[in-house]
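Chemist: I have a structure I would like to understand better, so I am pasting it below and will then ask my questions one at a time.
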2 protein chains.
Amino acid sequence: MNWKRELEKMLVSARQAASHAGQEPPAFKKKLLWDIASGIEKRTKWLVAENRKDLIKAETSGLSSAMIDRLTLNEKRIKAMAEGVLAVARLKDPIGRVQAKWTRPNGLKLQKVTVPLGVILMIYESRPNVTVECAALCLKSSNVAILRGGREAMASNRALVSIFKKSLKQHGLSPFHVNLVSTTDYAAVDFLLKQGGKIDLVIPRGGEKLIRRVVEKSRIPVIKHYQGICHVYVDKNADLKKAVAITLNAKLQRPGVCNAMETLLVHQDIAGKFLPVVGDLLKQGGCEVRGDGVTCRIIPWAKRVKTSDYGHEFLEKILAVRVVKDLEEAIRHIEAHGSRHTDAIVTENKKAAKIFKIKVDSSSVMINASTRFSDGFEYGFGAEIGISTDKIHARGPMGLEGLTSYKYIVEGNGHIRS
Amino acid sequence: MNWKRELEKMLVSARQAASHAGQEPPAFKKKLLWDIASGIEKRTKWLVAENRKDLIKAETSGLSSAMIDRLTLNEKRIKAMAEGVLAVARLKDPIGRVQAKWTRPNGLKLQKVTVPLGVILMIYESRPNVTVECAALCLKSSNVAILRGGREAMASNRALVSIFKKSLKQHGLSPFHVNLVSTTDYAAVDFLLKQGGKIDLVIPRGGEKLIRRVVEKSRIPVIKHYQGICHVYVDKNADLKKAVAITLNAKLQRPGVCNAMETLLVHQDIAGKFLPVVGDLLKQGGCEVRGDGVTCRIIPWAKRVKTSDYGHEFLEKILAVRVVKDLEEAIRHIEAHGSRHTDAIVTENKKAAKIFKIKVDSSSVMINASTRFSDGFEYGFGAEIGISTDKIHARGPMGLEGLTSYKYIVEGNGHIRS
C-alpha cells in the first residue's frame, strides 16, 4: 500500500494549503488563472502527446469508440479548455463577499462573509476537461482540489495538473492547491472517503452507481446527484404551441441528460387536441411513446405504459405519457414518481402556475419553459460544479457559491456578555 | 423488535406530512403556535404530574441532583416554555422568502425561494424544554420533527408532544408533523440514522461523545457540534481595560459552555502589564491558570501548562495561557489548536484586526468582544437550533434559516433551449 503513505502526505499538504487559502486578493487569483490558461494553450503539442498515451492504452483495452472520443484531446479541445479557464477567471470572486451585515441593539456589528470550504474531493470519470474545469473552479473559490479522475485519462490528467502546479509555484503558492490522485487502486478512493476532518466535501460526478457507491462509503458530506426524473405537465389552460415546443425540446433536444423530460402529464380536457399533434412530432423525432389507456386511444401507435415506466429515468428517446384528471393529480404523480430535480408546468392560468410552484418540491420548478434550462450556465452562474438532488448545503445547479461557506465577523468595543 | 414497525409507520406518516408542509401561510403557523403555547400553559398541572413520573424514576435510579434539576418541570418553567413558543411564533417566517431574483438575457425570470428541508431528526438529552423548543422551531420552518429525547424525560416529553399533536389536529394538520421516538432502545436510534431519503437531516444536541456516535452511525447528513476551543488573543495594541473585561467574561461568565474561552494568548509586548492585572482577577474568580514559561514568571502562582492543555476544552475554571511573539504566532496557535468555533482578538490596531479576521478561519471571529456572544440569540436570530462546527450547509450559530433549503422557480414564455 504505497499509495496510502503518498495520499496521507498529500492530505497534510492539502490541508496546509487550505489553511492559507481565501486570503489571496481576487486580482491575484484572476492572474493565476490567466497564466494557467496560457500554460495549457502553450503546451498543446505536449498535451496531445501525453493524451496519446491514454488513447493507445484505451484502444488496446477495447474501450468503446464513444469513450475514446470523450477521452481524446486535440488542438480544438485544448483551446476550449483554456478558454474555459479564462471564463472561470472572469467570474465574480465568490470569497469575502458580505452576505449580510447588521448591528445589534447593544452596538455589536455583525457581518456574514463567504469563505472557502477547504479541501474538496472530486471523483469523476474519463473526460480530461473535467480535471481542468474542477481545478479552475476550486482555485477561483480558494478551495483545495483533490482530483480523482478516470483511470483511462491518467496520463492526460497528470499532464494537465502539472500545468496547474507549475503556475501555482510561479505565483508563490503551494502546488498542493491542486492535487491528482495518481493511483488507480479503487481502495484509495475508499481510503479518501474516510478522511473526515481532512477533506471537507466530496463531489462525485458521474452515473447513479458511482454516486451511490460514494455515499455508501463516505464519512464526509457528499453532494449527491441522483436521478433526474423530470416531468412536464400540460395544463388545460396551456398555450398549445408552447406546450408542443416545450415537450419536444424537453424530450428530444438531448435525451441523455439529467434535465431531459422522462414523463409527460396531460390534463384530460386538452389531451384530445394536444396529444395527436405532439404525438406525430415525437414520432418524427424517433421517440417511442408509452401511454396510459387514454393516451393509447388518442395515439394509436403508442405502446402501453407499465407502472415501472413512471419514475424511470430512460435517458433515451422513450417517453411515458399519462392523462390526468386535474392539476392536483399531476402534482401527486410528480410527488410519487419524480426525483425532485426539475418539473415544469405549461399553462396560461396564473393560479395553476402558482399552485404548481408552491406544491411541487423540486430543486427547479419551470413555468412555461423547458426542463432543459435547469443548468448552472443557463441560470447565469457562469459555471456548474454539479447539480445537487439533495436539500442540504446546495440544491439544484451548483456554481461557485456552492463551493463556499461563511463566517461571522463580530466587531465590538469591549463588549462583554451580562 | 416491535419498535421497528412503529418507527417505519412513523417515517411514512412523517414523510407524508412533510410533503404537504411549506404550504401553510405564515399567519396560519403563527396561530398554530399560539394555540400550542396556550395549550402548554393550560395543562400546567397535568404536565407537572407527568413530569413527576420521570422524577420518581430518576430518584430511584440514582440520577445526580444536577440532572434531576434539569429534568424538573414546575409552574415557572412551564410558563417559560410556553413563552418560548410564543417567541418562536413572533419570528419572521423563514419559508417562501425570495433570496434572489434575476432575469436572464433570454427573458427567463428566475427566483431562488426558501423551502423547508423536510424531516428532521433531533437527538438530545434530558431537558424537556428542548422538546418544546425543537418542535416549535420545526413547525415555524415547516419541517417535520422526529424527536428523540433522553430516556429520563420520556413521560414529560410524551405529555408535551401530545399537546403539539392535539393542536395540529385541531388545525386540520397531520399530527405527524411532530413525532416522538417513544422507545428507549438505543438500537432504534441506529435504525433511524440509516433512513436516508426518509429523514433529511440529523441534529444531535449534546456532548461530543453523543455527536461522534451519531456521525459514526449516520447515513444521513448531520449538523455537527464538536468542541468549542475558543481563544482570546490580546494584541500589543489592545486597550487593557477592554482586554481584562473580555478575558474575565469569556472565561468566567459561564465556563461550562462551548463559547467560553479555553486558551488566552498574549502578545509579549503587553504581557508584563496585562497578565499581573488579569491574573489577580482570574484568581479572585477562582480560576486556575496554566501558563507557559513567560506567564509563570509574571504570575508566580500559575501552574506550568502542558502541551495537551492547548486545544483542550476544559469547560471549567481552568485557563491555558501562552505569551506569543506576535500576531502571526497567535494565528498559527489558533490554527493548530483551535476548533474553528469562536476566536477573538482584542486590539485597537485596525490592521491587526483585519489580518486576524481574514486569517482565522473560525465560524465566529470576534474583534474586541467576548467569545460568549457567539450565540443565535445574541446574533439576533431569535432562536438557536444548534451551533455547527462544520462548514457544510450551516456554520456557527444556527437559527431558523439553517432549517431551510431553497428551490429555483423559473418562469418563461414558452422558452426552449437551442
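Chemist: Return the long-range amide H neighbours of A:H312 (sequence gap of 5 or more, or a different chain), with a cut-off of under 5 Å between placed amide H atoms.
Modeler: The list, which skips near neighbours in sequence, is empty: none.
Chemist: Tell me the Kirkwood radius of region B:75-143: reciprocal of the mean inverse pair distance over distinct alpha-carbon atoms, in Å.
Modeler: With all distinct Cα pairs of region B:75-143 included, I get 14.5 Å.
Chemist: A further question on this structure: First measure r as the distance between the Cβ atoms of A:D280 and A:T307, then evaluate 1/(1 + (r/R0)^6) with R0 = 35 Å and state the FRET efficiency to the nearest 0.05.
Modeler: The pair A:D280/A:T307 has a calculated efficiency of 0.85.
Chemist: Could you give P(r) for region A:62-212, binned at 10 Å from zero, as whole percent values over all Cα-Cα pairs?
Modeler: 10, 34, 32, 15, 6, 2, 0, 0
Chemist: What's the FRET efficiency of A:L210 with A:H171 using the Cβ-Cβ distance as r and R₀ = 35 Å, to the nearest 0.05?
Modeler: 0.55
Chemist: Nearest 10 degrees is fine. How inclined is helix A:240-252 to the longest principal axis of chain A, computing both from alpha carbons?
Modeler: 50 degrees
Chemist: What do you get for the angle between helix B:350-359 and the principal long axis of chain B? Use alpha-carbon atoms, 0 to 90 degrees, nearest ten.
Modeler: 50 degrees
Chemist: Short version: ³J(HN,Hα) in whole Hz for each residue of region A:91-102, in order, from phi by Karplus 6.51 cos²θ - 1.76 cosθ + 1.60 (θ = phi - 60°), x for Gly and Pro, what are they?
Modeler: 5, 5, 5, x, 9, x, 7, 7, 6, 7, 9, 7
Chemist: Moving to a separate point now. What spacing in nm lies between the two simple spin-label points modelled at B:K92 and B:R254, each 7 Å away from Cα in the Cβ direction?
Modeler: 2.5 nm
Chemist: Where in chain A is the longest stretch that carries no trypsin sites (Lys or Arg not before Pro) classed as loop by DSSP and with at most 15 other Cβ atoms within 10 Å? Let's see the in-between values first.
Modeler: Working: sites that count: A:K92, A:R97, A:K194, A:R219, A:K306, A:K325.
Maximal segment without exposed cleavage sites: A:98-193.
Chemist: Suppose a student asked you for the relative contact order of chain A, using Cα pairs under 8 Å spaced at least 6 residues apart; what percent would you report?
Modeler: It comes to 16 percent, rounded to a whole number.
Chemist: I've got another one for you. So what is the diffusion coefficient of region A:155-196 in µm² per second by Stokes-Einstein at 4 °C and 1.567 mPa s, using a Kirkwood Rh over Cα pairs? Kindly include the intermediate steps, with their values, before the conclusion.
Modeler: Details: Rh = 11.6 Å.
Taking Rh from Cα pairs, D becomes 112 µm²/s.
Chemist: In addition: Cross-link candidates for B:K4: which lysines have Cα within less than 24 Å, leaving aside residues fewer than 8 places away along the same chain?
Modeler: B:K165, B:K194, B:K198, B:K217
Chemist: Residue by residue, what Karplus-based ³J(HN,Hα) values in Hz, rounded to whole numbers, does region B:19-27 have, using 6.51, -1.76 and 1.60 with θ = phi - 60° and x for Gly and Pro?
Modeler: Couplings: 6, 9, 6, x, 10, 6, x, x, 5 Hz.
Chemist: Please provide three numbers in whole Å: the alpha-carbon extents of the protein assembly as shown along the principal axes, with the largest listed first.
Modeler: Result, largest extent first: 93, 75, 47 Å.
Chemist: Out of region A:245-345, which chymotrypsin sites (Phe, Trp or Tyr not before Pro) are coil in DSSP terms and have no more than 11 other C-beta atoms within 10 Å? Display every interim value, and only then the final one.
Modeler: Numbers: sites: A:F274, A:W301, A:Y310, A:F314; in loops: A:W301, A:Y310, A:F314.
In loop regions of region A:245-345 (DSSP not H, G, I, E or B), the sparsely surrounded chymotrypsin sites (Phe, Trp or Tyr not before Pro) are A:W301.
Chemist: Rounded to the nearest 20 Debye, what is the dipole magnitude of chain B about its Cα centre when Lys and Arg each give +1 and Asp and Glu each give -1 at the C-beta? Before the final figure, lay out the partial values.
Modeler: Working: 68 positive and 43 negative charges, 196 e Å.
Around 940 debye, computed over chain B.
Chemist: Another question about this same structure. Thinking of chain A as a set of Cα atoms, what percent of all their pairs are more than 41 Å apart?
Modeler: 27 percent
Chemist: Using θ = phi - 60° and the Karplus curve 6.51 cos²θ - 1.76 cosθ + 1.60, what whole-Hz ³J(HN,Hα) does each residue of region A:34-45 get, with Gly and Pro shown as x?
Modeler: Here the 3J(HN,Hα) series is 4, 4, 5, 4, 6, x, 5, 5, 4, 9, 3, 4 Hz.
Chemist: Same structure again: What FRET efficiency comes out for the pair B:S418/B:W46, r = Cβ-Cβ distance, R0 = 60 Å, nearest 0.05?
Modeler: 0.35
Chemist: Sticking with this one: Let me know the Rg and Dmax you get for region B:143-241 when you use only its Cα atoms, in Å.
Modeler: Both quantities, over Cα of region B:143-241: 19.1, 63 Å.
Chemist: For region B:230-373, go through all pairs of different Cα atoms, get the mean of 1/r, take its inverse, and jot down that Kirkwood value in Å. Don't skip to the answer; put the middle values down first.
Modeler: Numbers: mean 1/r = 0.0695 Å⁻¹.
Result for region B:230-373 stands at 14.4 Å.
Chemist: Taking only Cα atoms, what is the 0 to 90° angle, nearest 10, from helix A:268-284's long axis to the longest principal axis of chain A?
Modeler: 60 degrees
No lab work stands behind these numbers, since they all come straight from the coordinates. Worth saying up front: this structure is predicted, and the values here are computed from it rather than measured. Note that each Cβ is placed from the backbone with ideal geometry, even for glycine, and that neighbours are counted across all protein chains shown.
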